[in-house]
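Take a look at the structure set out below.
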Amino acid sequence: MLGISVFAGLGISLEENYEYMSKAKELGINKIFTSFHIPESSMDFDHEMNEILNYSKELDMSIIADISKSYFDNIDFNEYNIESLRLDFGFSNKDIAKLTKELFCGITLNASTLEKSDIEEILSFGGDLSKINACHNYYPRPETGISESLFNERNSLFKYYNIELTAFIPSFYRPRGPIFEGLPTLEMHRHMDPVVAYQHLISCGVDNVFFGDSQASFEELCRISDIKKNIFRIPIKIFDVCDEELRILNMVHRNRKDPGEFVVRSSEAINNLKSSIRPNNCIDRFKYSVCIDNHGYLRYEGNLHVLKKDFESDSRVNLVADATEAAILIETIKPGDFFEFEIKRKK
């Protein structure tokens, strides 16, 4: 599930935040992440936060809120649509266990740093595991986001306890200060197309993905909101293609159950050929390029494959698109998985 982040006191007007929240709601986005303690926030923080919380209630959008113990008593949680509190500074495991029994809302733990011993201690104090979920950190400073291997290691712990997971992707539209270089959980996502980063997190078993930055663009929200469940969306940059190749690229494909060692291979394209494909752009084929067999390959004409290694040119194979930007997704696609292409722009 996709969510957005909305912050108070960081130079974005209430009107801009209202518009952002409204547009997200129109796209079916119902979750907001916010923080009750931001060192760089302005003197208007308390007023703006109160207004954001009120407007989220009006829109029926639920809130996950980052909060420190020093700010805990400043909020009347019963007034707002607070789904969960992400406990930050000052809360002991005993405090957390107690709050799972006292608060009506959920408790969000720090998925990036919590250990198994912490969960076991919370349980030993009588904590209600059904009230607990987990949310990774976001990392404003470049080079500080966590690695995929550590991410998966942490996630396996929470999946063991059947705890719901949340993580963040950056936006290129209005990054949040003070660094303005994205708020991803994984460092590898900092400059990655959000469509790819989002799907990568979902494929890693994350339940909820939030844009970490102050505002994502409407285009970014639309592109991700439109992703269909269980169909990988692969952004591509196409070359000079004929109408038949373009039609094939716009189909929904399924990776064959026996796709070949170094390719993702469509089981649909070859069986849906409508017209002949002439040889074109028969050049050296690079890793993560998309290729379609032309009429020179006889009964294989129309065969579509995404390469996972470099191949030499073949007069029977047309190189039609570059999918390098989605490399991490291509490596994730398994035999039998569905995928489709998102044509970004022509070269």
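Any read-out appearing in this document is the output of simple, stated calculations on the displayed coordinates, not a laboratory observation. In this text, all values refer to a predicted model and were calculated from it rather than measured experimentally. All Cβ positions, even for glycine, are placed from backbone atoms using ideal geometry, and neighbour counts span all protein chains on display.
Some points to look at:
- Using the Cβ-Cβ distance between His191 and Glu102 with R0 set to 41 Å, the FRET efficiency from 1/(1 + (r/R0)^6) comes to roughly 0.45.
- Rounded to the nearest 20 debye, the dipole size of the chain about its Cα centre is 1420 debye, using +1 on the Cβ of Lys and Arg and -1 on the Cβ of Asp and Glu.
- Residue by residue, region 284-290 carries 3J(HN,Hα) couplings of 4, 9, 9, 4, 6, 8, 9 Hz when phi is fed to the Karplus relation 6.51 cos²θ - 1.76 cosθ + 1.60 (θ = phi - 60°); x denotes Gly or Pro.
- Degrees between helix 14-26 axis and first principal axis of the chain (Cα, 0 to 90, nearest 10): 50 degrees
- For region 229-242, backbone phi angles converted through the Karplus equation (6.51, -1.76, 1.60; θ = phi - 60°) give residue-by-residue couplings of 4, 6, 10, 5, 9, 9, x, 9, 10, 8, 9, 6, 10, 7 Hz, Gly and Pro being listed as x.
- When DSSP beta bridges are restricted to pairs lying wholly in the chain, around 35% turn out antiparallel.
- Each label point was placed 7 Å from the Cα along the Cα-to-Cβ direction; for Leu27 and Phe218 their separation is 1.1 nm.
- Full-extension gain in nm, Asp95 to Asp243, via 0.36 nm per residue minus C-alpha separation: 46.9 nm
- Taking the chain and dividing mean pair separation by its residue count, relative contact order in percent (alpha carbons under 8 Å, at least six apart): 14 percent
- Degrees, to the nearest 10: 45-59 long Cα axis against longest axis of the chain: 60 degrees
- The value of relative contact order for region 124-185, using C-alpha pairs under 8 Å at least six residues apart, is 45 percent.
- The residue list Pro175, Leu87, Gly145 was ranked by how far each Cα lies along the charge dipole of region 76-206 toward its positive end, using unit charges on Cβ atoms, and Pro175 comes out on top.
- Computed from the Cβ-Cβ distance with R0 of 22 Å, the FRET efficiency linking Asp258 to Asp310 stands at 0.50.
- Directionally averaged projected area (convex hull, Cα atoms, the chain), nm²: 18.8 nm²
- Cβ-Cβ distance of Met251 and Asp46, R₀ of 51 Å, FRET efficiency by 1/(1 + (r/R0)^6): the value works out to about 0.45.
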